[in-house]
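The values are calculated or read from the model by the stated rules, or taken from the named source; none is laboratory data. Just so we're clear, the structure is a prediction, and the values are computed from it rather than from any experiment. Using ideal geometry, Cβ is built from the backbone for each residue, glycine included, and neighbour counts are taken over all protein chains shown. Areas reflect the complete protein model, heavy atoms only, side chains present, ligands, DNA and RNA absent. Shrake-Rupley method; radii C 1.70, N 1.55, O 1.52, S 1.80 Å.
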Amino acid sequence: MAISLSFLFGLLGNITTGLVYLSPAKTFWHIVERRSTELFESLPYVCKLLNAYCWVWYGIVKPNSVLVATVNGFGGVLEIIYVTIFLIFAPPRMRIQTAILAGVLDVAFPAAAVLITQLEFDREVQIKVSGFLSLVFSLVTYGSPLSVMKTVVTTKSVEYMPFLLSFILFINGTVWTIYAVITKDLFIGIPNGTGFVLGTAQLVLYAIYWKPKSSKRNSRNDLEDGRQQEPLISTDNPATKHQDEE
């Protein structure tokens, strides 16, 4: 029974995590259309690619964790596309910075980590190292949602925290937390439990600060959701970014 439940929630987690990985798609379509990365930063995507690598590694070395590897393999492919788009359309200085970051964090570091643990340590150590790195980099990615929540409280507006993404993050955290409880996996449980708490907090903030908007404004927001719905973009003030785009 436990195996069937873990498979079910792992499968659901593949769907929800896949949606999270797809959430920046409109942002990058906007970048391609305008042929400019504007105020967006590449570091979050470089870090998310590294995070995807770590989860794929963890899913491969840990027995019965193939569902962890599959969705993050899909996410890794998407993040490679996102980073490549940055390398093509970013200004020269950012292009160089992105290339250096990607070379160090997405090529050299994971290659060294896998090679050293494969050659020097047994499977149990490999599981612990890959799980710990996955946990750490997952927690790092939650810095931007916290920044968005701070913006909501400061501006008393949910304009820069679309409901759909907050709901998906909440469901994603819930599903993987249940999966972690079933499989007794702390490496999956800790970051996704944190995601569940943050997703819940975002929904609470949405309930507190949501205000009806005019149909014209709603229509415009629908067009801009691709940029606004991806919180892991920049440490710049979202309000300033929005004004610059206008």
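In region 62-73, the qualifying residues are those that are assigned to a helix (DSSP H, G or I) and open to solvent by 60 Å² or more (accessible area, probe 1.4 Å), and the one that is farthest from LEU22 (Cα to Cα) is VAL66. For region 107-158, taking the residues that are aromatic (Phe, Trp, Tyr) and within 16 Å of PHE187 (Cβ to Cβ), the one that is modelled with the lowest pLDDT is identified as TYR142. Scanning region 38-61 for residues that are among the charged types (D, E, K, R) and either open to solvent by less than 30 Å² (accessible area, probe 1.4 Å) or modelled with pLDDT of 95 or more (or both) yields one hit, LYS48. When region 184-233 is filtered for residues that are of a type outside the set (Asp, Glu), crowded, with 16+ Cβ neighbours inside 10 Å, part of a helix (DSSP H, G or I) and at pLDDT below 55, the ones remaining, listed by number, are GLY226, ARG227, GLN228. The set of residues in region 74-93 being open to solvent by 30 Å² or more (accessible area, probe 1.4 Å) and assigned to a helix (DSSP H, G or I) consists of PHE74, VAL77, ILE80, ILE81, THR84, LEU87, ILE88, PHE89, PRO92, ARG93.
Applying the criterion of being under 17 Å from TYR82 (Cβ atoms) and of a type in the set (A, V, I, L, M, F, W, C) to the residues of region 101-126, the residue that is most open to solvent (accessible area, probe 1.4 Å) is VAL107.
For region 156-171, a residue qualifies if it is assigned to a helix (DSSP H, G or I), open to solvent by 20 Å² or more (accessible area, probe 1.4 Å) and either in contact (Cβ under 8 Å) with a residue 60 or more places away in the chain or within 11 Å of PHE9 (Cβ to Cβ) (or both), and the qualifying residues are LEU164, ILE168, LEU169, ILE171.
Annotation: of all residues in region 1-37 being aromatic (Phe, Trp, Tyr) and within 30 Å of ARG93 (Cβ to Cβ), the one that is most open to solvent (accessible area, probe 1.4 Å) is TRP29.
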